[in-house]
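The values are calculated or read from the model by the stated rules, or taken from the named source; none is laboratory data. Keep in mind that this is a model prediction, so the values were computed, not measured. As a convention, Cβ positions derive from the backbone with ideal geometry for all residues, glycine included, and neighbour counts pool all protein chains shown.
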Amino acid sequence: MFDIVVVNNGLAGGGTERQSTTFANFVSEEGYSVKIIASHRSKHFYKLDQRVEFIEPSFERKGYTLFFYTIKVLRFLRKEISKSEATTVFSYNESLNPFVILVCLGLGINVFVRESMHPKAKLPLPTELLRKWLYPLAKGVLVQTNYGQKILSHNIPKATVHAIPNPVKMFNLNIADTRNRRIVSVGRLEEVKGHKYLIEAFARIDNKGWELHIIGDGSMRDELENLADSLKLGDFVTFHGHLIDFEEILSTAEIFVLPSIKEGFPNALIEAMSVPLACVSGDYYEGSPEIIEDGINGLLFEPRNVEALSNTLQMLVENDKLRESLKAKAELVKKKYNLDKIGLEYLKIFRIYESKKNSK
């Protein structure tokens with residue numbers, strides 16, 4: 001066994017934080033010594049296994065210019081990573097990754113970084129330049145899809161890029177005998193997540209008592225609630241806010257919708273398929289989805305296309321047999337993306353480079 005340090009932004013309620021804490025908990029259960037070093041102080045939303053050590057800065061952003069705050073964070077990261085005596089560092093977050101590689105220079109540590117955003121997402125120019133310069137110095141850059149591997153290998157040809165999906169903790173729920181006429185969506189209430197289009201599409205269907213439940217929070221919540229009210233959907237749309245546990249809502253639902261304009265690798269979609277629910281997703285992989293096979297284990301629609309989404313939802317709410325057929329195939333994701341299987345693929349790569357280092 002060897003020691004692993006996971007570097008993330010903290011334990012707040014973002015998708016990257018969820019991925020990194022899920023992985024850290026899995027690694028600890030496998031018997032590895034694991035420590036999370038957070039780059040920023042934050043609220044503690046996600047829970048850690050008691051065997052996972054966690055440390056975050058004692059200082060906050062307030063009172064520092066961006067330049068001096070960045071220097072302070074870099075010094076903190078280098079000090080704590082060096083102190084940990086870890087053999088492997090795994091960094092989550094595109095904006096953070098280059099700096100983690102930088103602070104590990106000269107420490108003799110195997111550094112791996114994780115890309116979670118859509119492969120064509122635009123980052124600030126300084127971050128893009130740092131990625132091109134520093135990613136080739138990492139032992140590996142782990143992306144979530146084959147499509148992402150193709151794009152990143154083209155943009156940074158000297159980097160070693162591996163395509164491994166996120167390890168997802170599957171739901172094994174006691175499904176209600178009679179499910180409610182409920183459509184569920186999970187995600188941050190930000191423009192890129194596309195909830196505006198979902199609400200507008202839901203308003204167009206002949207819902208016959210169907211409800212829309214939205215789990216998540218963000219800067220657009222007030223705007224989206226006002227939109228639902230303006231479309232006279234107040235009695236049919238429920239905003240639950242940010243929830244740690246939402247299994248009960250999923251267990252009594254029928255349909256899950258991921259209305260995002262772009263995604264990296266949508267954990268929420270995989271989780272909904274594992275319930276199983278009849279799932280609808282935007283076709284955001286430039287025409288080559290890697291999770292949903294349209295019409296087999298889910299349905300795809302063109303992002304931002306309200307009419308296409310409403311037609312898809314109308315078809316699903318009217319067709320019980322179609323929903324059941326999609327659910328049956330969707331549940332197969334439990335074999336393909338389960339936490340044990342994918343988590344071990346991560347560790348296999350880490351062990352390969354650890355063996356190479358020890359053989360020198």
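When Ser95, Ser116 are checked against the criterion of being of a type in the set (Gly, Ala, Ser) and touching a Gly at 6+ places or on another chain (Cβ under 7 Å), a single residue qualifies: Ser116.
Comparison of Val113, Val27 shows that the only residue that is assigned to a strand (DSSP E or B), out of contact with any Lys or Arg (no Cβ under 7 Å at 6 or more places or on another chain) and assigned by TED's automatic domain parsing to the domain that holds Leu344 is Val113.
Out of all the residues in the stretch 188-223, which are buried (at least 20 other Cβ atoms within 10 Å of the Cβ), of a type outside the set (Val, Ile, Thr) and either in contact with a strand residue (DSSP E or B) (Cβ under 7 Å, 6 or more places away or on another chain) or within 13 Å of His242 (Cα to Cα) (or both)?
Leu189, Gly194, His195, Leu198, Phe202, Leu212, His213, Gly216, listed by residue number.
The residue that is nearest to Ile37 (Cα to Cα), counting only those in the stretch 52-94 that are out of contact with any Lys or Arg (no Cβ under 9 Å at 6 or more places or on another chain) and of a type in the set (Ser, Thr, Tyr), is Ser82.
With respect to being farther than 25 Å from Ala12 by Cβ, at pLDDT 90 or above and either β-branched (Val, Ile, Thr) or crowded, with 20+ Cβ neighbours inside 10 Å (or both), Pro259 falls outside the description.
When the strands (runs of 3 or more DSSP E) confined to the stretch 123-221 are screened for residues that are more than 29 Å from Leu344 (Cα to Cα), those reaching at least 2 such residues are found at 182-186, 211-215. Selection over the stretch 98-149 of residues that are under 18 Å from the mean Cα position of the chain (by Cα) and buried (at least 16 other Cβ atoms within 10 Å of the Cβ) gives a count of 16. In the set (1) within 24 Å of Ile352 (Cα to Cα); (2) in contact with an Asp or Glu (Cβ under 9 Å, 6 or more places away or on another chain), Gly31 fails one condition alone, (2). Please work out if Ala328 is assigned by TED's automatic domain parsing to the domain that holds Phe246, exposed (fewer than 14 other Cβ atoms within 10 Å of the Cβ), of a type outside the set (S, T, N, Q) and more than 19 Å from Gly264 (Cβ to Cβ). Taking the combined requirement at face value, the residue satisfies it. Going by what's in this entry, would Ser82 be described as free of Cβ contacts under 8 Å to residues at least 12 places away in the same chain and not in a loop (DSSP other than H, G, I, E, B)? So Ser82 does not fit the description; no. Scanning the stretch 275-292 for residues that are modelled with pLDDT of 90 or more and not aliphatic (A, V, I, L, M) returns Pro276, Cys279, Ser281, Gly282. If you go through the stretch 236-279 and keep only what is of a type outside the set (A, V, I, L, M), assigned to a loop (DSSP other than H, G, I, E, B) and under 28 Å from Lys122 (Cα atoms), you end up with His242, Pro259, Ser260, Lys262, Glu263, Gly264, Phe265, Pro266.
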